[in-house]
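K.L.:
Below are the structure tokens for one structure; questions will follow.
Computed from the coordinates by the stated procedures, all read-outs in this text should not be read as laboratory data. What you are looking at is a predicted structure, and each value in this text was computed from that prediction instead of being measured. No Cβ is skipped: glycine too gets one built from the backbone with ideal geometry, and neighbour counts run over all protein chains shown.
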């Protein structure tokens, strides 16, 4: 999901809501809607791990 292919490690740890293509990609990979993804990031921040945990707890 990185524009700069040398920064893939960092990009996979943080969820950016700045680029629509990234929002769509994250939502698809996590199996949620874009609205659910935005809600999760608002609740727990941009950490992909924190968002996964939030969604796993059923906070969809």
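K.L.:
Taking the Cα-to-Cβ direction at residue 19 and at residue 50 and moving 7 Å from each Cα, how far apart do the two end points lie in nm?
P.N.:
Spacing of the two 7 Å Cα→Cβ label points: 2.2 nm.
K.L.:
Go through 36-49, 16-29 and give me the packing order, highest mean Cβ count within 10 Å leading.
P.N.:
Working: 36-49: 15.6, 16-29: 13.0.
Put in order of decreasing packing, that is 36-49, 16-29.
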